[in-house]
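Read-outs throughout are calculated quantities, based only on the coordinates presented, and are distinct from any laboratory measurement. Just so we're clear, the structure is a prediction, and the values are computed from it rather than from any experiment. Cβ placement follows ideal geometry from the backbone for every residue including glycine, while neighbour counts extend to all protein chains displayed.
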Amino acid sequence: MPEERFKYASVLLDAGENIRALSEYLGHADPGFTLRTYTHLMPNSQDRARKAIDAAFGPAAEDEGGDGAVPVAV
């Protein structure tokens with residue numbers, strides 16, 4: 001049973017679920033306990049940040065000028 005909970009937590013954290021929600025799903029009274037228990041399963045924050053920026057600006061932002069410069073409205 002503990003292996004199933006561990007897998008459940010790891011799948012949700014990998015999918016981006018937040019600790020507070022995961023804590024509720026697992027029946028933990030304290031999200032801090034959940035964080036301490038499963039923090040090693042959390043995706044790298046740098047990867048999450050990079051994915052968020054890519055999703056927001058994506059390849060279209062890179063194709064705008066081709067030189068990497070940010071277009072400025074005049």
**Message:** Starting from a Cα-only point model with no solvent, please compute log10 I(q)/I(0) by Debye for segment 1-58 at q = 0.22, 0.27 1/Å.
**Reply:** -0.83, -1.08
**Prompt:** Taking the Cα-to-Cβ direction at Leu41 and at Ala29 and moving 7 Å from each Cα, how far apart do the two end points lie in nm?
**Reply:** 2.2
